[in-house]
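Colleague: One structure, pasted below without further comment.
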Amino acid sequence: MPRSALSKRTVIPATDRPFATSASNNSLSAWVTAFRSVRAETERRAAPLSAEDQVIQSMPDASPTKWHRAHVTWFFEQFLLRPFAPNYRVFDERFAYLFNSYYVAAGPRKARPQRGLVTRPTAAEVGAYRAHVDAAICDLIETIKNLSEIVPIIEIGLHHEQQHQELLLTDILHAFSFNETHPVYDAGWQWPQTQGEDAGAGTVIDGVHKIGHADKSFCFDNEQPVHEVLLQPVRLSPLLVTNGEWLEFVADSGYATPTLWLSDGWSAVESQHWDAPGYWSNIEGVWHSMTLGGLRPVDPALPVCHISYYEADAFARWAGKDLPTEAEWEVAARSGALVDPYGVVWQWTRSAYTPYPGYKPAPGALGEYNGKFMVNQMVLRGSSLATPAGHTRPTYRNFFYPATRWQFSGLRLAAYEN
């Protein structure tokens, strides 16, 4: 069954590759086109939002839309224009402090929880900043003598911006969820269609397999090196867990049964008063969910979304099954055994986010991109309906803290053949 057609403002499922992802491609026109395409997508996603929408920060883990737009621009200015464009004129030296994120080696930065206090520069001034940097980057690509020297930085900058394109949507949805008028990001927004038919019990996978990114296309450093894993016989569910199945969990007192939960998970249930997935609300006996299209009734046929690792783990225990490891997920995805592995919801695994054997981060500030976060977080695999086109691959390792549920996160189950 094909995915549904989405409205102009709705994210395209990540099935196509909008730009060249091989660092060996040194075509000037290809990289200018790629750069302009990705930068335009950020502005397309921000376009439905007012200036007031763009400044709000609803929690420390989220960032304002305006900040996302400026930060990805600072990234190109900091790591491409400053070192490689000797005639470049910095747009505003103060922006390096305001829009650095966590690159300690690049200098001091505004505290993350205070990004929503930055009312100036305005959203329009951020737009001027983006235009200034865009022109300089295109000029650099077209005039530099050795394009191959900067291609890897262009490429990671584009993929970095795509990550923030997804965060732009997850963060604004979180902000809108606090507004009792239920703001609509896009009135035409729809969930992608999923293959909800009976897909059977799934295929058993086992034995020794190689995981990790092996070819010359782009990947982040945390997807390497390739290494072997030994899998015990396991059968992953072809289908994602649905809202209907989750409603059964809720009706069976899943959120009120402490024996189903990890200790930290139960503490989160009690302290945060969880009784359903994120953004769900019971209105006159009917469950509704806040979406990018506004408040809508929960559709039992759709995959469950906005759940934490703790909830996914509790549901798996309630169902008498397990969450897959990230290695099991990758092997199953490569084999074609999973239905809707991409473009619907990120899927929690029971794997902690740790380095692969032999992993070494890159030197300098760009080495801070992934490696220093490899503790206390859990891995999600796949991609979501908010993931931009071209940003999906079976080796991609997303990671969040186990209580996180403002992402488009769901699950599929695994059963061991013991």
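Colleague: Helix 28-46 versus the longest principal axis of the chain: what angle, 0 to 90°, nearest 10, using Cα atoms?
Modeller: That works out to roughly 60 degrees.
Colleague: Ignoring the sites themselves, what is the longest stretch of the chain with no chymotrypsin sites (Phe, Trp or Tyr not before Pro) in a DSSP loop and at most 14 other beta-carbon atoms within 10 Å?
Modeller: In the chain, the maximal stretch lacking such sites is 179-418.
Colleague: GNM, the chain, Cα, under 10 Å: largest mean-square fluctuation among Thr349, Thr42, Thr119?
Modeller: Thr119
Colleague: Using alpha carbons only, what's the Rg to Rh ratio of the chain with Rh from Kirkwood?
Modeller: Rg divided by Rh gives 0.96.
Colleague: Diagonalise the Cα gyration tensor of region 119-255 and give the resulting equivalent ellipsoid semi-axes, square root of 5 times each eigenvalue, largest first, whole Å.
Modeller: Computed over region 119-255, the values are 39, 31, 13 Å.
Colleague: If you roll a 1.4 Å probe over region 259-349 with all protein chains in place, what percent of the accessible area is carbon or sulfur?
Modeller: Working: 1680 of 3360 Å².
For region 259-349, the apolar C and S fraction of the accessible surface comes to 50 percent.
Colleague: Could you tell me the center-to-center distance, by alpha carbons, between region 341-384 and region 250-289 in angstrom?
Modeller: 27 Å
Colleague: Further question on the same structure: Once the principal axes of the Cα atoms of region 218-377 are found, what is the range along each, listed largest first in whole angstroms?
Modeller: Ordered largest first, region 218-377 gives principal extents of 56, 36, 35 Å.
Colleague: Given labels modelled 7 Å from the Cα in the Cβ direction, how far is it in nm from Ser148 to Glu125?
Modeller: Inter-label distance under the simple model: 4.3 nm.
Colleague: From Cα pairs below 8 angstrom and at least 6 apart in sequence, can you work out the relative contact order of region 253-349, rounded to a whole percent?
Modeller: 25 percent
Colleague: Still on this structure, please answer the following. Give the lysines reachable from Lys66 as a straight Cα distance under 28 Å; neighbours fewer than 8 places away on the same chain don't count.
Modeller: Excluding near neighbours in sequence, the set is Lys8, Lys110, Lys372.
Colleague: Now a separate question. In terms of Cα to Cα distance under 23 Å, which lysines are near enough to Lys210, apart from those fewer than 8 places away along the same chain?
Modeller: Lys210 reaches Lys360.
Colleague: Find how many whole Å separate the alpha carbon centroid of region 104-174 from the alpha carbon centroid of region 26-55.
Modeller: The distance from the Cα centre of region 26-55 to that of region 104-174 comes to 10 Å.
Colleague: Helix 309-318: angle to the longest alpha-carbon principal axis of the chain, degrees 0 to 90, nearest 10?
Modeller: Helix 309-318 sits at roughly 20 degrees to that axis.
Colleague: Now for a different question. Taking just the C-alpha trace of region 309-408, give me its Rg and Dmax in Å.
Modeller: Rg then Dmax for region 309-408, in Å: 14.2, 46.
Colleague: What angle, in degrees between 0 and 90 and rounded to the nearest 10, separates the Cα long axis of helix 65-76 from the longest principal axis of the Cα atoms of the chain?
Modeller: For helix 65-76, the angle is close to 50 degrees.
Colleague: Given points 7 Å out from each Cα along the Cα-Cβ axis, report the Val375 to Thr203 separation in nanometres with one decimal.
Modeller: Result for the modelled spin labels: 3.9 nm.
Colleague: List the longest stretch of the chain that has no exposed loop site; here a site is one of the GluC sites (Glu not before Pro) assigned by DSSP to anything other than H, G, I, E or B, with at most 11 other Cβ within 10 Å.
Modeller: Values: sites that count: Glu52, Glu93, Glu180, Glu197, Glu284, Glu417.
The longest uninterrupted stretch comes out as 285-416.
Colleague: Relative contact order for the chain using alpha-carbon pairs under 8 Å, separation at least 6, rounded to a whole percent?
Modeller: 22 percent
Colleague: Something else now. Hey, what number do you get for the chain at 222 nm if only DSSP H runs of n ≥ 4 count, each worth -39500 (n - 2.57), divided across all residues, to the nearest 500? Working shown, then result.
Modeller: Values: 9 runs with 122 residues, N = 418.
Taking each H run of at least 4 residues, the total per residue is -9500 deg cm²/dmol.
The values are calculated or read from the model by the stated rules, or taken from the named source; none is laboratory data. Only a predicted model underlies this, so the values are computations on that prediction, with no experimental measurement involved. Please note: Cβ atoms are built from the backbone with ideal geometry, for glycine as well, and neighbour counts cover all protein chains shown. Quick note on the areas: whole protein, heavy atoms, side chains included, nothing else; ligands and nucleic acids left out. Shrake-Rupley method; radii C 1.70, N 1.55, O 1.52, S 1.80 Å.
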